[in-house]
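Taking it in order: structure first as structure tokens, then the write-up.
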């Protein structure tokens, strides 16, 4: 039964007192005080389509009555709505709903405050993602246990992942045999089977997880290798002639010897073999006919070195993935993600219709700088059309025996990955520390569990300036007092780098000032907790006219943004930063018409000419292209990635803002460039058609 609520509008005095409350917390502690009333806050889904209501629930430590709950709904720093509820009757939790704006692919931060005596006494926040397609901002999780699991346990796992806004799940080793993933037939699948480790997997558990995931807006991906088969696969029709060999005489198969108590050893099949593709696509098709998975998580095992096909020809395995994946997409018609182990084959994978790019990171890519380089490379490989998810196993060498994750290792890795514009595969029924996902030796401490909620709220709430067509820029930032800055990851220094998004410059600060290692993997779990740095001053280049400067961090104020005071002189601004623990984000808002950033990709330039980003983006099949001009003749052209013009429209428009609709029904999925020509000037942007 719905609870009685009495909406009112909060006064400006209360708003000011709330701001002062948040500021005092930031100055004194750099983190919110421990809650006495709010225990948890949840949303009913991990993400929402435009037009869907968000249902919130706050749980209290004990019965609450005669309290006022105030809610702010923020897009970045803009308050788009606020409301207030009066709880009159004693209750242990409170629910309400909100209809976000219709705009697709937006992240929001929702601030929930308890008002006592006209002031905010306690606050709790949560993020909301409004995205019609999970591929725009993938936050990937996993599942690895498909034994007989009670429904309550399944719901608990999905609820926890929902709280972290995980919007897609990799079902790891759910299958029967690698070359025959479904046991039984598409019309009559088996109720249970042994996997390669001789664990018993149950169809009922898999279906329950899929149903639970779908109910909260998560996609589900069926894991399997693209070229794996049991060593006994010849009994199921897999031919030796399809195999990969270590010698030219096809006597030494390339494969993996697995433990004696497992079902079989693994051998690898030539992904360029048309016979193998016909075989495995038929077997995979049975999976999607029998089980409502949303796509295929395709795996590999990395660079095999020098290997040969059955006829003794050198086999460049990594170069064969591109065509294999294109054929898989054509034959299966489902979403596909493929693991590029240490980037092996990634350049070709990025040219295929992947849902996003996925890299499992291994030695020698052990440093924080390697994570950033991989993310940047993936953006370049895909012409910024595909997001990146990294599988990076923190404290890997400790996972051979029971223990705990190093909290600081995980948070530093997530800070670097998230700020660089990607996400991290790490959350499932447990946290991931090993490439064999059922490994659950390392546990999360309570401080890590608490911090990760804020980190995933931050990733979601600020996704539009972390991951949404954001570009790298070079900034030279100076420390005026309190810190030592560096453009490079250096011991004893705060690392910084710059990004830009339309009329915003974004500065990220990562606090390596007292880090014991600059290796993200931190094999032995030695990373130290960063010292909280407070009230330091930095100098940032800014030749443009600055509208505002604001700060947000997953380490403080439950991710709420804070406006800065700043001084401006001689092409720089000086900013007083209140605190830095692991990661700060500082955003400089540029006055419209004065920006010198992003002009080559459609930033604001002279003569009142501006090409906006299309929306929605990605789109299927229609999208809107906005622009501003002084009026007159405009030419819009659209090109595919190989430079072929696929569309042109000549317009005569009035001065001011206008829009053009583009219909991609007759065009294939991929990245397109749209160009607007006006008054002898040209601006260009990218857009993505996803079918």
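The values are calculated or read from the model by the stated rules, or taken from the named source; none is laboratory data. Since we're looking at a predicted model, the values are computed, not measured. Glycine also receives a Cβ, built like all others from the backbone with ideal geometry; neighbour counts cover every protein chain displayed.
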**Report entry** Tally of residues being under 16 Å from residue 170 (Cβ atoms) and either outside the structural domain of residue 160 (by TED's automatic domain parsing) or in a strand (DSSP E or B) (or both) across segment 181-208
**Finding:** 1
Requested in this report: Would you confirm whether any residue within segment 117-133 is part of a loop (DSSP other than H, G, I, E, B), over 18 Å from the mean Cα position of the chain (by Cα), touching a residue at least 12 places away in the same chain (Cβ under 8 Å) and surrounded by 23 or more Cβ atoms within 10 Å (Cβ to Cβ)?
Outcome: no
**Report entry** Residue in segment 473-481 that is closer than 30 Å to residue 108 by Cα and not in a loop (DSSP other than H, G, I, E, B) present
**Finding:** yes
Requested in this report: Could you check how many residues of segment 183-192 are touching a strand residue (DSSP E or B) at 6+ places or on another chain (Cβ under 6 Å) and within 17 Å of residue 145 (Cα to Cα)?
Outcome: 1
Query raised in the report: For segment 142-171, which residues satisfy the criterion of being part of a loop (DSSP other than H, G, I, E, B), over 13 Å from residue 427 (Cβ atoms) and in contact (Cβ under 8 Å) with a residue 24 or more places away in the chain?
Result: 145, 146, 147, 148, 149
Requested in this report: Could you look through segment 434-472, keep only residues that are without any contact (Cβ under 8 Å) to a residue 60 or more places away in the chain, in contact with a helix residue (DSSP H, G or I) (Cβ under 8 Å, 6 or more places away or on another chain) and not in a helix (DSSP H, G or I), and pick out the one that is surrounded by the fewest Cβ atoms within 10 Å (Cβ to Cβ)?
Outcome: 445
Report task. Would you tally the residues in segment 633-681 being in a strand (DSSP E or B), in contact (Cβ under 8 Å) with a residue 24 or more places away in the chain and more than 29 Å from the chain's Cα centre (by Cα)? Result -> 16
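Can you list the strands (runs of 3 or more DSSP E) lying wholly within segment 499-567 that have 1 or more residues being within 26 Å of the chain's Cα centre (by Cα) and surrounded by 21 or more Cβ atoms within 10 Å (Cβ to Cβ)?
Values: elements: 504-512, 533-541, 546-552.
Correct list: 504-512, 546-552.
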**Report entry** Long-range neighbours under 9 Å by Cβ, at least six apart or interchain, first residue closer than 16 Å to residue 450 by Cα and in the same structural domain as residue 459 (by TED's automatic domain parsing) within segment 556-567, second surrounded by 21 or more Cβ atoms within 10 Å (Cβ to Cβ) and at pLDDT 95 or above
**Finding:** none
Requested in this report: Could you list all residues from segment 588-600 that are touching a strand residue (DSSP E or B) at 6+ places or on another chain (Cβ under 6 Å) and either modelled with pLDDT under 50 or surrounded by fewer than 22 Cβ atoms within 10 Å (Cβ to Cβ) (or both)?
Outcome: 589, 591, 597, 598, 599
Report task. Restricting attention to helices (runs of 4 or more DSSP H) lying wholly within segment 344-423, give those where 2 or more residues are surrounded by fewer than 19 Cβ atoms within 10 Å (Cβ to Cβ). Result -> 368-381
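Every residue in segment 330-341 that is in contact with a strand residue (DSSP E or B) (Cβ under 6 Å, 6 or more places away or on another chain) and not in a strand (DSSP E or B), please. It would help to see each step written out before you state the result.
Step one: filter segment 330-341 for residues in contact with a strand residue (DSSP E or B) (Cβ under 6 Å, 6 or more places away or on another chain), giving 334-341.
Within segment 330-341, 334 is the sole residue that qualifies.
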Report summary line: Going through segment 432-448 in order, the residues found to be touching a strand residue (DSSP E or B) at 6+ places or on another chain (Cβ under 7 Å) and within 21 Å of residue 528 (Cα to Cα) are 432, 433, 442, 443, 444, 445
Report task. Within segment 122-136, identify whether any single residue is at pLDDT below 95 and either in contact with a strand residue (DSSP E or B) (Cβ under 8 Å, 6 or more places away or on another chain) or not assigned by TED's automatic domain parsing to the domain that holds residue 617 (or both), and answer yes or no. Result -> yes
